[in-house]
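S.K.: I have a structure I would like to understand better, so I am pasting it below and will then ask my questions one at a time.
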Amino acid sequence: MAAPIRRIGVLTSGGDAPGLNAVLRAVVRSAEIQNGWAVLGIEDGFEGLIGRPRVRPLDLSAVSGLLLRGGTILGSSNKGHFATMEVDGELVRDPAPYKELAANTKRLGIDALIVIGGEGSQGIASELAHYGVRAVGVPKTIDNDLWGCDRTFGFDTALTVATEALDRLHTTAASHGRVMVLEVMGRDAGWIALHSGLGGGADAILIPEIPFSIDAVASAIMTREYRGSTFSIVVVAEGAMERGTGQVYQDSTGTLGGVGAHVAAQLGKVTGKDARVVVLGHLQRGGVPTPFDRILATRFGAAAVRVLGEGRYGEVVVSRGARITTVSMTETAGKTRTVPKNHEMVLTSRALGIAFGDEEEMDLTPQPLE
Ligand code: F6P
């Protein structure tokens, strides 16, 4: 039988998301109040357990007031020492940092870890099992694209910021008869663009799952013009791409960005209209989480402690409809939940006349809903 838990470690890994601190608060409160466990906060993601450990005890007073605080009090890092490397066309992991992390975990008396992170971090956590480190995952991404999970915390906040931006762009676009392009986050999945586009009344929604043509978007804008609307609003996910090309990067570091400017410039040329771009960027990730995200984050944190208390490991807490349940870490690692082309919200948008930029290519045979 596995040794009983007395102390757990918790870390936040990858890009931040509004609600991370609310998860930490829920983990600490339920660990201490419900189970009588001590909690150690690990700084800067998995990196805090490399070299001289950077950890701090988290008790009830340390997490007081965190429910509505954006960011993460523990700091976060991207893959760092744990990144996979390509050797002879295969992705491999260097075992050294895993061994070091396992040794530090043991030395600190950490009986199990709660890993709050995206699919890359859950992959690292799942690998740690081979080194004797027990872990449970809490999914984190504002893109809402974790496989097996209907909703991740942070998405609602990002969506709220993006929708408000669209509302504001409407009045200025209408005043000048302009095309306004809003670039939102969404590397592989267009959930933020799709939801905010529908909620914010966009005229075109461009997402990574549906490559677009400028001509199709321009044609939608000119159709509106013909019907008497002199302005148009386009929302584009940063991972969206023009048909026949790839994603647009800011530089060689792999940071996405720039597709909005490209779309605005091309639409301006083709339609002859004034076009402007707004890049929302990290405003979508910062600040106070919405009540929905605070609640979801709290439920995820408490569920992770419950799962550990039941002696279960290697699982990620997820939301399915109204329920909180788990999926296996190995199952979610490396997978994303993208927008199905026949998703009900895509079909609803199309029914309302919102363009996706693939209109000439569309297969108009009825498809089953997803
Ligand atoms: O993964 C979430 C996300 O918001 C992506 O949509 C985006 O590409 C990425 O984070 C940007 O992260 P960074 O903070 O590294 O620029």
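The values are calculated or read from the model by the stated rules, or taken from the named source; none is laboratory data. For clarity, every value in this text was computed on a predicted model and none was experimentally measured. Here Cβ is always computed from backbone atoms with ideal geometry, including for glycine, and neighbour counts include all displayed protein chains. Just the protein is used for accessible areas: all its heavy atoms, side chains included, with ligands, DNA and RNA removed. Shrake-Rupley method; radii C 1.70, N 1.55, O 1.52, S 1.80 Å.
S.K.: Could you pull out the residue among Asp156, Asp150 that is assigned to a loop (DSSP other than H, G, I, E, B) and within 17 Å of the chain's Cα centre (by Cα)?
M.R.: Values: Asp156 fails: assigned to a loop (DSSP other than H, G, I, E, B).
Only one candidate qualifies: Asp150.
S.K.: Which residue is nearest to Val307 (Cα to Cα), if the candidates are limited to segment 124-141 and must be in contact (Cβ under 8 Å) with a residue 60 or more places away in the chain and open to solvent by 10 Å² or more (accessible area, probe 1.4 Å)?
M.R.: Ranking the candidates gives Arg134 first.
S.K.: Is one or more of the residues making up segment 96-110 without any contact (Cβ under 8 Å) to a residue 40 or more places away in the chain and of a type in the set (Val, Ile, Thr)?
M.R.: no
S.K.: Here is a follow-up. Could you tell me which of the residues Ala103, Ala158 is modelled with pLDDT of 95 or more, of a type outside the set (Asp, Glu) and within 14 Å of the ligand (Cβ to nearest atom)?
M.R.: Within the list Ala103, Ala158, the selection yields Ala158.
S.K.: Counting just the residues of segment 234-290 that are among the polar types (S, T, N, Q) and more than 14 Å from the ligand (Cβ to nearest atom), which one comes out modelled with the lowest pLDDT?
M.R.: Going residue by residue through segment 234-290, those that are among the polar types (S, T, N, Q) are 245, 247, 250, 252-253, 255, 266, 271, 284, 290.
From what's left, more than 14 Å from the ligand (Cβ to nearest atom): 245, 252, 266, 271, 290.
Details: Thr245: 93, Ser252: 82, Gln266: 98, Thr271: 96, Thr290: 98.
Of everything passing the filter in segment 234-290, Ser252 is modelled with the lowest pLDDT.
S.K.: What residue, among those in segment 196-214 that are in contact with a Leu (Cβ under 7 Å, 6 or more places away or on another chain) and within 14 Å of the ligand (Cβ to nearest atom), is farthest from Lys335 (Cα to Cα)?
M.R.: Ser196
S.K.: In segment 99-114, what residues are open to solvent by less than 40 Å² (accessible area, probe 1.4 Å), of a type in the set (Gly, Ala, Ser) and part of a helix (DSSP H, G or I)?
M.R.: Once the filter is applied, which keeps residues that are open to solvent by less than 40 Å² (accessible area, probe 1.4 Å), of a type in the set (Gly, Ala, Ser) and part of a helix (DSSP H, G or I), segment 99-114 yields only Ala102.
S.K.: Further, regarding this structure: What residue, among those in segment 33-84 that are among the polar types (S, T, N, Q) and under 26 Å from the mean Cα position of the chain (by Cα), is modelled with the lowest pLDDT?
M.R.: Taking the candidates together, the pick is Asn78.
S.K.: Can you find a residue that is within 16 Å of the ligand (Cβ to nearest atom), touching a residue at least 40 places away in the same chain (Cβ under 8 Å) and either open to solvent by 20 Å² or more (accessible area, probe 1.4 Å) or part of a loop (DSSP other than H, G, I, E, B) (or both) anywhere in segment 305-328?
M.R.: No, segment 305-328 contains no residue that is within 16 Å of the ligand (Cβ to nearest atom), touching a residue at least 40 places away in the same chain (Cβ under 8 Å) and either open to solvent by 20 Å² or more (accessible area, probe 1.4 Å) or part of a loop (DSSP other than H, G, I, E, B) (or both).
S.K.: Now, a different point. Name the single residue that is farthest from the ligand (Cβ to nearest atom) among those in segment 1-25 being open to solvent by less than 10 Å² (accessible area, probe 1.4 Å) and aliphatic (A, V, I, L, M).
M.R.: Looking at the filtered set, the residue picked out is Ile8.
S.K.: Residues that are of a type in the set (D, E, K, R) and either more than 26 Å from Asn144 (Cβ to Cβ) or in contact (Cβ under 8 Å) with a residue 60 or more places away in the chain (or both): list the strands (runs of 3 or more DSSP E) wholly contained in segment 1-81 that include at least 1 such residues.
M.R.: Passing ranges, in order: 7-12, 55-58.
S.K.: Scan segment 221-279 for residues that are of a type in the set (Phe, Trp, Tyr) and without any contact (Cβ under 8 Å) to a residue 12 or more places away in the chain and jot them down.
M.R.: Tyr226, Tyr249
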